[in-house]
Structures are given as structure tokens and as C-alpha cells.
Amino acid sequence: MSYLAPAGTPVSLGDIALAVAANEADARALLAESLRGISGLPVAFPVSSGRAAMTLILQAMRNATQGVARDEVIVPAYTCYSVPAAIERAGLKPRLCDVDPMTLGMDPSALARCDFSRVLAVVSANLYGLPNELAVIESVCRDHDVLMLDDAAQALGAKLRGRSIGAFGDAGLYSFDKGKIISTIQGGAIVARQGLLASSLESVFAELPTAGLADKAGNLAKLLIYSICLRPQLYDLIRRVPFTGLGHTIYEPRYPVTRLAKFQAALAAAQLKRLGELNAGRRRNAMALQEAISDLPGVTLVATVPGAEPVFARFPIRIHDARRRVRLLAAFDRAGIGASASYPAPLADVPQVAISLPPADRKCPGSREIAATIVTLPTHAYCPPDLPARVRAVIRGCPA
Ligand SMILES: *Cc1c(COP(=O)(O)O)cnc(C)c1O
């Protein structure tokens, strides 16, 4: 059966071969230059993953504000579980700010009400490539004299009022993992503006080890499989193989924190040359889905914030009737459409996060509502032209 992956980006075997051959060149420097161009920020470092980028940024933030007793990081209560894992890894504690179900971004008024007395930094999310209210979050951070980390793991190439996502606040990160805007299987990057934080990052990066041989070999092997199996004709096979970990959301604070391997840096740089084209295709696919289903009862579209240019790593919708949502996810699966229920719970319900939370942070009604209603649809380059019509038919075939 043909099955559309929930997210991903085509990587050709030719791209991989060229990247491996380019191993000798200064691939990381070229990638960094390209990321400076995209983000508009003067500092960029490719690293082993988005979560490694987050760990390093948070450690640098702590170093840059030494002497101040600040060990808390405010994150959206609905985001990737790697975010609190990276906070733990950096020796800090997560605090939660509720998320607005209408925009899937942190509710700026809820953020403004937080107790900032021990807060080191605030982290954005920009889930599915949809920009958050970053200018407002930035000004709340400035008012409270805390740092801001713009998490653009899913939003590489997105903008808000002409400014790149990842470039708000003091530092940002991108991810090149499997379901992100570009993919090197694992990988990521730090971007930052000039200043104390950047100097601290420079010294951390100078000491950062290179990737281990086993990690490099593993990532190369997985890349070859990914390259072949993201195609709808083969994805159905690979998604059944348990060791791929496809579609799972786990809390795991142990992972390599190293430089990005050279062949992965070369592969990322090659994909970045096509970033505009890749994201324009995702945006077209998202608009076609929106057009096809916006009139269907019981389906809510997510509002983009004013001035946003989203990149739609996925196309999120919300289905209010919980039982209908479960039936609908099963119907999409049977139809070979990789619709996803996204993160299954708000961070407040992840046991490793819950243990250190103050009681007030556990409520997060908006984030609970998102976890109970969200469905994401694929937008990647393997989506066929009839996908919007098929999605519409599946939804209509699953009435409330
Ligand atoms: C994927 C993701 C991360 C972590 O990136 P990895 O490269 O998977 O470590 C962080 N934040 C968000 C919002 C993500 O989606």
C-alpha cells in the first residue's frame, strides 16, 4: 500500500553521495554562512541536534548571567518533549506557560502573569512552522529582564513581519531531524546575535567535540533508509519497523552534544539552497488543504498571527469531538494518509516534567484542549495533487 508520511523532506541518494564526497571541504563553515543569511543573525553553529542546540544555548545563557540565582526556563505547555529534556540536561528547571488553542502559540497575557523571579529564559515553539507572537514575547522578556530563546526547530524559513523565525530574542535554534523542514536524520543549529551570550557560545563551541564514529555511521545508514523509504510506495513498510522510532514522542535527556558531522553539514547546506522552493511547496499544499476542508463542520483551522509567513512543516487542524477525532485518525490511517495526533499530552502530564512543577503550572487548560483536539496533515513534496480531495472525503466519511 502507498502511505504518505506525516512529515519529512525528500533527500536524494545523489545528495547524500555528494555530501559524503564533500566531507573534506569546510562543510560546517559553509552551512553556518548559509544559516547566517537565512536568520539574518551574525553567529551560527551547526550541532548534533535541535536539543543539543537548546542545551548549549541554555548553558551559555547561564554562563552569561553568572551570579544571578535563575534556574527556571518558561516553555509553552504544549511543545516537543525534547524541550524540557534539554532543560533538564542543562541543569535547569522547566516552568510552563499555557498555549492558546486558536494560534497554538504561548498566550502572551498568560506569559505576562508568570512569576519571573527565578526565570533565566523564555522559549518559543513555532509549532508546525507557524510563527508565534514573537514580538510580544520578546517585549515581555525585555520588561522582565530575562533572556529569550526562539525555538525554530519546525520553522526554518518562516518569518514574522519580515524577520526570520529563530532570530527573535537572544538566540535561536533549528532542527534537521526526520520530520522537520530539512533533514539530515539528526542535526541542528544555533543562531545568535552578537554580545555576551554569543561570546559565551563561541567559547563553548570551540571546545565542543566532533561527532563519534558510531553516531556518524548510524546516521549515514539511517539517511540512506530515509532517502528511499520516505516515498509513499515504501513508507508503509518502514513505519511498521519498530526500531525506527517513527511517530514516537519520548522524554530523553541523554543524547550526544557534539558538532554536526561534516557530511551532514554538507547535506544540510545543499537542502538550504532549495529552502525557498521546499517551503513554497508546503505552503501551496497547506493552502489547498485549507481550501478543501474549511467549510466542514466540527473542523477548526488554526489562526496565523498578523504579519506571519508560516512554512507549514505540517498542516494543523482541530477536531472538537474527541470520539470523532479517534475515528478520524484511524480512517486517515486506513486511507494511507499519515495524519498525526501530534504530542499526546501537555508537558504538565509528562511525569518527568510534572515532578518539578509548581501546582499553578499544571492546569494549562489551553494546552490540554490542544492535546485532545489536534490533528496534523502532511504538506511535504510527496503529497499528491488529489490529497486535499481525499482528506475532505475522509473527514466527510467520519461525521460527528
Ligand atoms: C524537534 C524539536 C526540537 C528538538 O529538535 P531535535 O533535532 O529533534 O533534537 C525542539 N523543539 C521543537 C519545537 C521541536 O519540534
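The values are calculated or read from the model by the stated rules, or taken from the named source; none is laboratory data. Note that this is a predicted model, so its numbers are computed, not measured. As a convention, Cβ positions derive from the backbone with ideal geometry for all residues, glycine included, and neighbour counts pool all protein chains shown. Areas reflect the complete protein model, heavy atoms only, side chains present, ligands, DNA and RNA absent. Shrake-Rupley method; radii C 1.70, N 1.55, O 1.52, S 1.80 Å.
Checked against the criterion of being among the hydrophobic types (A, V, I, L, M, F, W, C), outside any loop (DSSP other than H, G, I, E, B), open to solvent by 70 Å² or more (accessible area, probe 1.4 Å) and more than 13 Å from the ligand (Cβ to nearest atom), the candidates 237, 197, 220 yield just one match: 237.
How many residues are over 15 Å from residue 336 (Cα atoms) and surrounded by 12 or more Cβ atoms within 10 Å (Cβ to Cβ) if we restrict to the stretch 383-398? The number of residues fulfilling the criteria is 1. Six or more apart or on different chains, Cβ under 8 Å: which pairs go from a residue in the stretch 254-270 that's farther than 12 Å from residue 30 by Cα and modelled with pLDDT of 95 or more to one that's away from the ligand (no atom under 13 Å from the Cβ) and among the acidic types (Asp, Glu)? Could you list them? These pairs meet every condition: 256/215; 258/215; 261/215. Suppose we keep only residues that are touching a Lys or Arg at 6+ places or on another chain (Cβ under 7 Å) and over 24 Å from residue 196 (Cα atoms) within the stretch 59-96. Which one would you say is least open to solvent (accessible area, probe 1.4 Å)? Filtering the stretch 59-96 for residues that are touching a Lys or Arg at 6+ places or on another chain (Cβ under 7 Å) and over 24 Å from residue 196 (Cα atoms), the one least open to solvent (accessible area, probe 1.4 Å) comes out as 85.
Residues in the stretch 6-16 that are part of a helix (DSSP H, G or I) and open to solvent by less than 60 Å² (accessible area, probe 1.4 Å): 14, 15, 16. Considering the stretch 167-194, the residues that are away from the ligand (no atom under 15 Å from the Cβ) and in contact with a helix residue (DSSP H, G or I) (Cβ under 8 Å, 6 or more places away or on another chain) include one that is farthest from residue 62 (Cα to Cα), namely 167. Taken over the stretch 97-116, the criterion of being closer than 19 Å to residue 170 by Cα and open to solvent by 30 Å² or more (accessible area, probe 1.4 Å) is satisfied by 108, 112.
In the stretch 25-53, the residue that is nearest to the chain's Cα centre (by Cα) out of those that are under 14 Å from residue 205 (Cα atoms) and open to solvent by 30 Å² or more (accessible area, probe 1.4 Å) is 28.
Going by the structure shown, is residue 56 farther than 14 Å from residue 202 by Cα, among the aliphatic types (A, V, I, L, M), open to solvent by less than 50 Å² (accessible area, probe 1.4 Å) and within 16 Å of the ligand (Cβ to nearest atom)? So residue 56 fails the test.
Restricting attention to the stretch 149-169, the residues being surrounded by fewer than 23 Cβ atoms within 10 Å (Cβ to Cβ) and more than 12 Å from residue 129 (Cβ to Cβ) number 4. Each residue in the stretch 341-371 was checked for being of a type in the set (D, E, K, R) and in contact with a Pro (Cβ under 7 Å, 6 or more places away or on another chain), and 2 pass. Number of residues in the stretch 369-400 that are over 28 Å from residue 12 (Cα atoms) and acidic (Asp, Glu): the value is 1.
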